[in-house]
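Visitor: The structure follows.
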Amino acid sequence: MLLPLLIFINLKLDAQLMEVNNIKLNLNNQIKLDINGSIVNTGIINLNSSSNDTAILAIKENITNSGEIKNNGYIYLAGNWINNGNYFPQQGTIFLYGTNQNIGGTNSSSFYNLFLVGTGIKTLYNDLSINGTLKLFDSELAAMEKSITINNESTTAIQRNNGFISTSLNGSLNRKMLSTQIYEFPLGADLLNPIYRPVYITTSFAELNNFEVGFINNSPDFYGMYSSLKNEDIEYINENFFHSIRRIQGESDAEILIKYENSDGSFDALSAWQSSHSPKWIKVDNSGFNSENNAFIQNFVNSDKRYYTAAKINEEITEQLHIYNSFSPNGDNLNDYWIIDGCEGCSVKIFNRNGNLVFESEDNSVSWDGKYKEKNVPDATYYYIITTSDGSKTYKGSVTIIR
């Protein structure tokens, strides 16, 4: 059955529920249909617009799509978006103009334009992709454990006033990038008491890159990444929040900039959670803080997902000692020895996890080659005790052999 609406008209239906059952509803050009309730669609809804005229569907409550919607116009929605069927965004725009609203259903949704013109929090219960523009205005788009993918490579594909995207530990904002301009990942949390900690990424070449970034407004201790587990050159880390960063696509060097406020504390560099071998926070090479108190990583090439937070570096240890946390004694003349720089005359002892002494150098004149009694020890994590020559300081930690 075909239900045509082909004349220029503004229609308003006051029913609490409109059902589109196994029919085809066409809204053409200047047609505007107002629904003072919800829509349940098991048929086909087409919004057809020309270059000068736009078809509009305005819904005061929810829309549940178990059929097919083709949107080349405007859909204004004050309630929840529930997609259990097929949604074809074409060049259409979704306006979420309610307060707290949900985007869910059994099927993920791919929008062309999504404008959050209302207030409150818009929460995802399924993955979301944007092919055109995402305008946050002053709303929070809560990804939670889901992903938001921006397929538009333009730097203006995300726009905002005071709005932001929030994520949980496994949630993320993914942006495709195709220029050397700065791409903003507008991340934050807590709309009532907002904390805005965006990430800015710039690549060295105008080639396709894709980065996945998240912001977790919680202590890493809550997730088992304990702040007390840290390398010897880290005095303390930021325990209030952390970011996740992963490169999905691309190879060109990138510069990562993470916004921090002075109220967050005093830090010198970024630290990353090392999950393998000996789990702990380690200093990120080529990282630091600029004059505006923002953290940065230069020459970023990592493609593994890692968690990052700010760190205060123990300058005393950094200046006096350089203690490596791993080495590979495989005979290739690269990193074959565990060497401690800047500790002349130090006493060095290394133990296996059973507490047995496997290496000792009374004056740090001998570097460990990964052997005990001329035989290779197993690849594992070992524990050291380093004592300065005057006995005034002792350093304890771990070193991992990776052949």
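The values are calculated or read from the model by the stated rules, or taken from the named source; none is laboratory data. All values derive from a computational prediction rather than experimental measurement. Glycine also receives a Cβ, built like all others from the backbone with ideal geometry; neighbour counts cover every protein chain displayed.
Visitor: Can you tell me how many residues in the range 235-258 are under 23 Å from S147 (Cα atoms), assigned to a loop (DSSP other than H, G, I, E, B) and in contact with a strand residue (DSSP E or B) (Cβ under 7 Å, 6 or more places away or on another chain)?
Guide: The qualifying residues number 2.
Visitor: Another question about this same structure. So is E344 charged (D, E, K, R), over 20 Å from the mean Cα position of the chain (by Cα), under 26 Å from N218 (Cβ atoms) and not in a strand (DSSP E or B) or not? Walk me through how you get there before you give the answer.
Guide: Values: charged (D, E, K, R): yes; over 20 Å from the mean Cα position of the chain (by Cα): yes; under 26 Å from N218 (Cβ atoms): no; not in a strand (DSSP E or B): yes.
Against the criterion (charged (D, E, K, R), over 20 Å from the mean Cα position of the chain (by Cα), under 26 Å from N218 (Cβ atoms) and not in a strand (DSSP E or B)), E344 does not qualify.
Visitor: For S204, only one of the following conditions fails: (1) in contact with a strand residue (DSSP E or B) (Cβ under 6 Å, 6 or more places away or on another chain); (2) of a type in the set (S, T, Y); (3) at pLDDT below 95. What is its number?
Guide: S204 satisfies all of (1) in contact with a strand residue (DSSP E or B) (Cβ under 6 Å, 6 or more places away or on another chain); (2) of a type in the set (S, T, Y); (3) at pLDDT below 95 except (1).
Visitor: Can you report the number of residues in the range 32-53 which are touching a Ser or Thr at 6+ places or on another chain (Cβ under 9 Å) and part of a loop (DSSP other than H, G, I, E, B)?
Guide: Of the residues in the range 32-53, 1 are touching a Ser or Thr at 6+ places or on another chain (Cβ under 9 Å) and part of a loop (DSSP other than H, G, I, E, B).
Visitor: Which one of these does A311 not meet: (1) modelled with pLDDT of 90 or more; (2) more than 13 Å from E232 (Cβ to Cβ); (3) touching a strand residue (DSSP E or B) at 6+ places or on another chain (Cβ under 7 Å)?
Guide: (2)
Visitor: Would you tally the residues in the range 353-366 being at pLDDT 90 or above and surrounded by 14 or more Cβ atoms within 10 Å (Cβ to Cβ)?
Guide: Our first condition is that a residue be at pLDDT 90 or above; within the range 353-366, this holds for 356-361.
Now drop any that are not surrounded by 14 or more Cβ atoms within 10 Å (Cβ to Cβ), which leaves 358-359, 361.
Count: 3.
Visitor: Kindly indicate whether I150 is out of contact with any Gly (no Cβ under 6 Å at 6 or more places or on another chain), in contact (Cβ under 8 Å) with a residue 12 or more places away in the chain and surrounded by fewer than 16 Cβ atoms within 10 Å (Cβ to Cβ).
Guide: Criteria not met by I150.
Visitor: Go through (1) under 30 Å from N162 (Cβ atoms); (2) of a type outside the set (S, T, Y); (3) surrounded by 20 or more Cβ atoms within 10 Å (Cβ to Cβ) for N100 and report which single condition fails.
Guide: Going through the list (1) under 30 Å from N162 (Cβ atoms); (2) of a type outside the set (S, T, Y); (3) surrounded by 20 or more Cβ atoms within 10 Å (Cβ to Cβ), N100 breaks only (3).
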